[in-house]
Amino acid sequence: SCGHSTFFDEMSTRERIAGGRPAIFGKFPWMVHFRYHAKDLNDFVKCGGTVVKRQWVLSAAHCFKFLEERVEVTVKIGWVNLKQNEMDAETFLIFKNNIYIYPEYSPATIDHDIALIRLPQELKINHLIQMICLGSNEHITTSQTGIAAGWGILKAGDTMIPDLLHEAALTIQGDDSCNKPQQFICAHSPGKDTCGGDSGGPLMIQKDGRWYQIGVVSHGPTDCGDHSDPGQYTRIPNYLPWIRSYINF
């Protein structure tokens, strides 16, 4: 079963990632962290993702645009503090051939920004590692609160990536405030946003005691949260047929 957190609170989260607060240990046990070295950038690329099946992780396609053949990607699952290894947490190494990018993804326009990652083995489900449910369009309503989570930079201009998972409550915007509503969900709250390093992580809602992922962190204004422009999240329900072509739900 999916979407069960060992920690349960009915939306007591009212602040967040850029403007967020540290996530409580074990609250989002489907969170995944990716890291690899990009020669073109002479730096590390760091992104988020989510466990959607025992051997599959969902993320954003743009996270892997600098990944070259034979470069290792370090995948951490079940971690909250990236510096602190818990006994039941997992670390894997994967390569480019483990990553499946949506065929119509465009790096230039960031259209169709979604990817699946196949892990080298099935995960053992425990209190730190769970699968999140994938939401349908019925789960998305304007003005409801969604939660984003990630290890991204805390405000625009920060270069220190926090080691602790953070979360933020965001308000889901109407389709009219989103320039490509078929592809993206837009979400925003004053002073809060997903920022660099959060890419690939989830936009989630809680319903009947379960967590559903409705979006993948894609892109937004460069000044993260200081702006009236919303962040854009790949609209998962519209990509479910593609996801199901790899994964049996």
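Some notes on this structure:
- The lone criterion from (1) of a type outside the set (Val, Ile, Thr); (2) closer than 19 Å to LEU67 by Cα; (3) not in a loop (DSSP other than H, G, I, E, B) left unmet by ALA149 is number (2).
- Matching residues in segment 72-116 - criterion: being in contact with a helix residue (DSSP H, G or I) (Cβ under 7 Å, 6 or more places away or on another chain) and among the hydrophobic types (A, V, I, L, M, F, W, C): ILE99, ILE101, ILE110, ILE114, ALA115, LEU116
- Taken over segment 34-61, the criterion of being touching a Lys or Arg at 6+ places or on another chain (Cβ under 9 Å) and either within 24 Å of TYR239 (Cβ to Cβ) or crowded, with 20+ Cβ neighbours inside 10 Å (or both) is satisfied by PHE34, TYR36, VAL45, LYS46, CYS47, ARG54, GLN55, TRP56, VAL57.
- Members of segment 54-96 that are modelled with pLDDT of 95 or more and small (Gly, Ala, Ser): SER59, ALA60, ALA61
- Neighbours by Cβ (under 8 Å, 6+ apart or cross-chain): first from segment 36-47, without any contact (Cβ under 8 Å) to a residue 24 or more places away in the chain; second part of a strand (DSSP E or B) and of a type in the set (A, V, I, L, M, F, W, C): PHE44/ALA38; VAL45/PHE34; VAL45/ALA38
- Of the numbered criteria (1) closer than 20 Å to LEU165 by Cβ; (2) crowded, with 19+ Cβ neighbours inside 10 Å; (3) out of contact with any helix residue (DSSP H, G or I) (no Cβ under 7 Å at 6 or more places or on another chain), the one PHE64 fails is (1).
Okay, residues lined up against (1) surrounded by fewer than 16 Cβ atoms within 10 Å (Cβ to Cβ); (2) farther than 15 Å from LYS76 by Cα; (3) in the same structural domain as GLY231 (by TED's automatic domain parsing); (4) in contact (Cβ under 8 Å) with a residue 60 or more places away in the chain:
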position	(1), (2), (3), (4)
PHE92	no, no, no, no
ASP111	no, yes, no, yes
ILE114	no, yes, no, yes
GLU138	yes, yes, yes, no
THR141	yes, yes, yes, no
ILE147	no, yes, yes, yes
TRP151	no, no, yes, yes
HIS166	no, yes, yes, yes
LEU170	no, yes, yes, yes
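- Checking LYS207 against (1) crowded, with 24+ Cβ neighbours inside 10 Å; (2) modelled with pLDDT under 95; (3) closer than 22 Å to LYS53 by Cβ, the condition it does not meet: (1)
- In summary, strands (runs of 3 or more DSSP E) completely within segment 19-65 and bearing 1 or more residues that are assigned by TED's automatic domain parsing to the domain that holds THR91, over 14 Å from the mean Cα position of the chain (by Cα) and of a type in the set (Asp, Glu) occur at 43-53.
- In segment 210-226, the residues that are at pLDDT 90 or above, touching a Ser or Thr at 6+ places or on another chain (Cβ under 7 Å) and not aliphatic (A, V, I, L, M): TRP211, GLN213, GLY215, SER218
- Residue match in segment 87-103 (condition: of a type in the set (A, V, I, L, M, F, W, C) and in contact with a Gly (Cβ under 9 Å, 6 or more places away or on another chain)): yes
- Count of segment 97-134 residues, restricted to those that are modelled with pLDDT of 95 or more, in a loop (DSSP other than H, G, I, E, B) and of a type in the set (S, T, N, Q), is 2.
- Scan segment 106-135 for residues that are under 29 Å from PRO181 (Cα atoms) and more than 17 Å from the chain's Cα centre (by Cα) and the total you get is 4.
- Filter result for ASP229 (at pLDDT below 90 and in a loop (DSSP other than H, G, I, E, B)): yes
The values are calculated or read from the model by the stated rules, or taken from the named source; none is laboratory data. It should be emphasised that the depicted structure is a prediction, and the values quoted were computed from it without experimental measurement. Virtual Cβ from ideal backbone geometry, glycine too; neighbours counted across all protein chains shown.
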